[in-house]
Amino acid sequence: MATAERYPDTKDRPWLDPQAKPILRIEGLTKTFADFTAVDGVDLEIHRKELFCLLGGSGCGKTTLLRMLAGFETPSAGRILIDGQDVTRAPPYERPVNMMFQSYALFPHMSVEKNIGYGLKHEAMTPAERRDRVTELLELVQLQGFGPRRPHQLSGGQRQRVALARALAKKPKLLLLDEPLAALDKKLREQTQFELMTIQYQVGVTFIVVTHDQEEAMALSTRIAVMNRGRIVQVGTPTDIYEYPNCRFSADFIGSINLFDGTVESVADGRVTVATGQAGPLVVAHAGAVAPGTPVSVAVRPEKIAIGREPPQGAANTLQGMVYDLGYFGDRSLFRVRLGNGRLVSVSRQNERRGREEDRPVDWDDRVWLSWSPAAALLLTE
């Protein structure tokens with residue numbers, strides 16, 4: 001199903017409105033270093049008040065793209081337009097953009113309030129107006145009373161908020177954040193994600209966040225651009241990216257997934273039967289056109305698969321195997337089931353009830369059945 005069909009209301013999704021004007025337009029942006037292409041012909045539109053994530057692994061080009069937006073790198077080709085103005089060759093200080101670095105880059109000899117107000121020194125403001133702006137930002141990031149402290153007297157999360165306040169001080173049109181939560185521990189990172197979302201909503205500034213953390217991108221963003229080898233392979237909402245990946249790379253990069261390679265055997269009544277050597281024939285609900293004999297992959301997320309000791313009744317897709325690995329994560333359990341041909345299939349199950357190890361419905365070395373509906377799987381042709 002197309003994005004526009006699932007989300008017909010464009011009020012809060014301006015990217016679906018053909019009349020909406022993006023605040024940032026990137027056209028054919030390319031950056032080469034000697035014989036290496038870091039960013040390869042990127043086209044992208046980002047709208048006002050979005051919290052947009054550039055997601056990809058190390059070396060995919062996401063930080064180079066961000067640095068070109070900030071003006072720290074000069075594109076080899078292409079254009080960058082902010083609010084309709086071409087800023088491709090403009091220096092950083094002439095762009096309505098600010099950047100928050102992964103290291104936070106706070107001045108250790110300055111107080112919190114002086115760090116936040118540093119960029120306001122050359123603005124057309126009175127000293128009283130600058131003080132008011134700093135006070136406003138301290139309240140925004142919930143650091144009232146911390147103004148006189150130095151960065152070394154703050155926790156990691158507090159330093160992160162000081163860096164954010166400083167980046168917002170000059171009211172940029174775009175705020176660029178390079179791995180903003182990477183230095184925080186897991187629990188604090190999860191808490192700070194919601195704080196960052198709240199602050200972004202309050203100030204209404206367009207945020208562009210670079211991250212390699214899939215869960216962080218899913219939690220934070222209005223939309224995500226998945227990057228691979230300098231190119232954007234898919235752009236969509238977190239739901240689009242996770243539930244409807246457009247290729248094997250997106251499917252495999254975001255979360256966990258089981259991929260079964262095969263060829264289309266038959267197509268009838270919106271269902272495609274795929275012959276696979278790894279799992280036998282599999283049935284997928286698929287609305288698009290696909291011809292018999294086409295090489296495809298059947299993709300199914302671990303949480304979409306049911307697992308049990310008894311054969312399922314009436315299931316279109318069933319596999320049998322033995323529990324080879326079992327990981328307990330508190331809220332869920334992850335099983336790796338070895339099929340008769342040696343193939344491992346990942347299955348995730350929510351731990352809905354409290355219990356001890358001996359109370360598990362499925363355990364190590366159990367013979368089990370796996371099953372899922374045709375609608376739970378995807379057919380990937382790329």
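Helical runs assigned H by DSSP (4 residues or longer) give the chain a calculated mean residue ellipticity at 222 nm of -6000 deg cm²/dmol, each run adding -39500 (n - 2.57) before division by the residue total.
The amide H of Thr37, built 1.01 Å from its N in the peptide plane, has no neighbour under 5 Å, considering only residues 5 or more places off or on other chains. Under 5 Å from the amide H of Glu265 lie the amide H atoms of Thr273, Val274, Ala275, Gly293, each residue being 5 or more positions distant or on a separate chain, with H modelled from the backbone and absent for Pro and chain starts.
Excluding residues fewer than 8 places away in the same chain, name every one of the lysines whose C-alpha is closer than 19 Å to that of Lys31. Straight-line reach from Lys31, under 19 Å: Lys62. Quote the FRET efficiency, to the nearest 0.05, computed for Lys171 versus Asp363 with a Förster distance R0 of 51 Å and r equal to the Cβ-Cβ distance. Result of the calculation: an efficiency of 0.30.
The magnitude of the dipole of the stretch 256-380, with charges of +1 and -1 set on the Cβ of Lys/Arg and Asp/Glu and taken from the Cα centre, is near 120 debye.
The equivalent ellipsoid of the stretch 241-382 has semi-axes of 28, 16, 13 Å, largest first, where each one is the square root of 5 times an eigenvalue of the Cα gyration tensor. Computed over the chain, the convex hull of the alpha-carbon atoms projects to a mean area of 23.9 nm². Projected label points at Gln19 and Thr88, each 7 Å from Cα along the beta carbon direction, are separated by 3.0 nanometres. Here the gap between Asp269 and Ser256, fully extended at 0.36 nm per residue and compared with their Cα-Cα distance, gives a gain of 1.8 nm.
Loop by DSSP (not H, G, I, E, B), at most 16 other beta-carbon atoms within 10 Å: where is the longest site-free stretch of the chain for chymotrypsin sites (Phe, Trp or Tyr not before Pro)?
On the way: sites that count: Phe72, Phe101, Phe329, Trp364.
Formally, the longest exposed-site-free interval is 102-328.
Distance from the C-alpha centroid of the stretch 37-72 to that of the stretch 320-371: 39 Å, rounded to the whole angstrom.
Computed from backbone phi, the HN-Hα couplings of the stretch 66-78 come to 4, 5, 5, 5, 6, x, 8, 10, 9, x, 7, 7, x Hz, rounded to whole numbers (Karplus: 6.51 cos²θ - 1.76 cosθ + 1.60, θ = phi - 60°; Gly and Pro given as x). Scalar couplings 3J(HN,Hα) for the stretch 241-256, obtained by applying the Karplus form with A = 6.51, B = -1.76, C = 1.60 to θ = phi - 60°, are 5, 7, 8, 10, x, 9, 7, 4, 5, 4, 4, 7, 7, 8, x, 9 Hz; x denotes Gly and Pro.
As an exercise, identify the trypsin sites (Lys or Arg not before Pro) in the stretch 315-365 lying in DSSP coil whose Cβ has no more than 14 other Cβ atoms within 10 Å. Provide the component values of the computation, followed by the final result.
Numbers: sites: Arg332, Arg336, Arg338, Arg343, Arg349, Arg353, Arg354, Arg356; in loops: Arg343, Arg353, Arg354, Arg356.
The qualifying sites are Arg353, Arg354, Arg356.
Pairs exceeding a 21 Å alpha-carbon distance, out of Lys187/Lys304; Lys49/Lys170; Lys21/Lys173; Lys49/Lys187; Lys49/Lys114; Lys49/Lys186: Lys187/Lys304; Lys49/Lys187; Lys49/Lys114; Lys49/Lys186. Taking the average, over residues, of other Cβ atoms within 10 Å as the packing measure, peptides 154-163, 308-317 rank 154-163, 308-317 from highest down.
Expressed in nm to one decimal, what extension gain is obtained for the pair Ala219 and Arg131 from 0.36 nm per residue of sequence separation less their Cα-Cα distance? Intermediate values should be presented prior to the final figure.
Values: separation 88, 0.36 × 88 = 31.68 nm, distance 3.39 nm.
Full-extension gain reported as 28.3 nm.
Can you give me the relative contact order of the chain as a percent, contacts being Cα pairs under 8 Å and 6 or more apart? Write down the numbers at each step before the final one.
Working: 761 pairs, mean separation 54.4, N = 382.
The value is 14 percent.
Along the axis of the charge dipole computed for the chain (Cβ charges of +1 for Lys and Arg, -1 for Asp and Glu, origin at the Cα centre), the listed residues Met322, Leu16, Pro302 are led at the positive end by Leu16.
Values in this text are rule-based calculations from the coordinates and carry no lab data. Keep in mind it's a predicted model, so treat the numbers as computed, not measured. Backbone-built Cβ (ideal geometry, glycine too); neighbour counts: all protein chains shown.
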